[in-house]
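Data block below; observations after.
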Amino acid sequence: MKNTTLIILSALLISYGGASAQSQSPYETSFKYDGPAIAAGIGLSYLGLTLIKNKDALTAAEVASKSKDDVFFIDRFAAGNYSEQADKDSYIPFYGSFAVAPIVALLDKDQRSHFGQISVMFVETMSAAAASFTLAAGLVQRSRPLVYNTNVPLELRQDKDEQRSFFAGHTAATAAATFFAAKVYSDFHPDSKLKPYIWTAAAIIPASVGYLRLKGGKHFLTDNLLGFGVGAACGILVPQLHKKGNKSNLSISPVVGYNYQGMGLNYKFKK
């Protein structure tokens, strides 16, 4: 936890390296708000991972009772999917997506001078996405498609890690990373002719991850659609909420209450 705190503080301090540099950026960042937001995201992610770790494995009888007919009709076609190769292949665009925003920020001279500020928003984006899907995976009991495949070893079908299909974390994290990169580039270069291609690429990469996770038997279609939507929303909303002169009246904040924790999206109505 000490290392996490140091990373957050270092990124925030870099982002405030000079008032003149920040004045030329389309964004505003604040230690007062961004520090707690990142800490909350990381804390809720840790909570989600703890819930996942404490989930129960299925008994042999529970696995035997699984029927494709009980699966939501939109997802039924994926029940029983299983491919180790597709699962392995999904990690290539998944891990690669995390490098997109930092690389673009370093190559683009306009973003490079605000690298610290962009890093703060990127960490905030990814922590918000992580908190969303880890909490969902920890709280919702939904078996992965491969659990319905009788040719898969029983030990694997029973494994507690295979009982967290809802929702697709790999797809969400990838979408958050690529849509963040596209949003930041667009805000720094609003008149760029490359924007349609960049947004298209931002959508294709997480879609490919979702397809491979579906083929690999790790997630159903609805898991991936929700993951894509949540990730894309985080990637777009976090930079938008940091824009100078933002008049959306939207804000994201941690929500904690009796027996529940999460992230809240708030809208302030004008008088």
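The values are calculated or read from the model by the stated rules, or taken from the named source; none is laboratory data. This structure is a prediction, so every number in the text was calculated from the model and none was measured. When we count neighbours, we look across all protein chains shown, and the Cβ atoms used for this are built from the backbone with ideal geometry, even at glycine. The accessibility values were calculated without ligands, DNA or RNA, using every heavy atom of the protein model including side chains. Shrake-Rupley method; radii C 1.70, N 1.55, O 1.52, S 1.80 Å.
Quick grid of which residues meet (1) out of contact with any Cys (no Cβ under 9 Å at 6 or more places or on another chain); (2) open to solvent by 10 Å² or more (accessible area, probe 1.4 Å); (3) within 18 Å of residue 48 (Cβ to Cβ):
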| site | (1), (2), (3) |
| --- | --- |
| 126 | no, yes, yes |
| 140 | yes, yes, yes |
| 163 | yes, no, yes |
| 166 | yes, yes, yes |
| 189 | yes, yes, no |
| 193 | yes, yes, no |
| 209 | yes, no, no |
| 222 | yes, yes, no |
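Select from the range 174-218 the residues that are among the basic types (Lys, Arg), in a helix (DSSP H, G or I) and within 30 Å of residue 78 (Cα to Cα) and list them in ascending order. Walk me through how you get there before you give the answer.
Restricting attention to the range 174-218, the residues satisfying the condition of being among the basic types (Lys, Arg) are 183, 193, 195, 213, 215, 218.
The next check asks that each one be in a helix (DSSP H, G or I); those that pass are 183, 195, 213, 215.
Matches in the range 174-218: 213, 215.
Could you tell me whether the range 109-120 includes any residue that is part of a loop (DSSP other than H, G, I, E, B), modelled with pLDDT of 95 or more and surrounded by fewer than 19 Cβ atoms within 10 Å (Cβ to Cβ)?
Checked against the condition, which is being part of a loop (DSSP other than H, G, I, E, B), modelled with pLDDT of 95 or more and surrounded by fewer than 19 Cβ atoms within 10 Å (Cβ to Cβ), the range 109-120 yields no hits at all.
Restricting the search to the range 168-187, which residues are open to solvent by 20 Å² or more (accessible area, probe 1.4 Å) and touching a strand residue (DSSP E or B) at 6+ places or on another chain (Cβ under 9 Å)?
187
Only one residue in 87, 69 is under 14 Å from residue 215 (Cβ atoms), acidic (Asp, Glu) and assigned to a helix (DSSP H, G or I), so which one is that?
On the way: 69 fails: under 14 Å from residue 215 (Cβ atoms).
The unique qualifying residue is 87.
Would you check if there is a residue in the range 141-152 being outside any helix (DSSP H, G or I) and charged (D, E, K, R)? Spell out the reasoning first.
Within the range 141-152, the subset outside any helix (DSSP H, G or I) is 141-144, 149-152.
Next cut, charged (D, E, K, R) only: 142, 144.
Looking through the range 141-152, at least one residue is outside any helix (DSSP H, G or I) and charged (D, E, K, R).
Here are the criteria: (1) open to solvent by less than 50 Å² (accessible area, probe 1.4 Å); (2) assigned to a helix (DSSP H, G or I); (3) under 15 Å from residue 145 (Cα atoms). Tell me which single one residue 100 does not satisfy.
Here residue 100 clears every test but (3).
So which residues in the range 74-93 are of a type in the set (Lys, Arg) and more than 20 Å from the chain's Cα centre (by Cα), if there are any at all?
If we filter the range 74-93 for residues that are of a type in the set (Lys, Arg), which is where we start, we get 76, 88.
Result: 76, single match.
Which residues, counting only those in the range 27-73, are charged (D, E, K, R) and either surrounded by 12 or more Cβ atoms within 10 Å (Cβ to Cβ) or under 30 Å from residue 186 (Cβ atoms) (or both)? Steps first, answer last, please.
Quick first cut of the range 27-73, residues charged (D, E, K, R) only: 28, 32, 34, 53, 55-56, 62, 66, 68-70.
28, 32, 34, 55, 62, 66, 68, listed by residue number.
So residue 9 fits all but one of (1) modelled with pLDDT under 90; (2) surrounded by 16 or more Cβ atoms within 10 Å (Cβ to Cβ); what number is the exception?
Exception for residue 9: condition (2).
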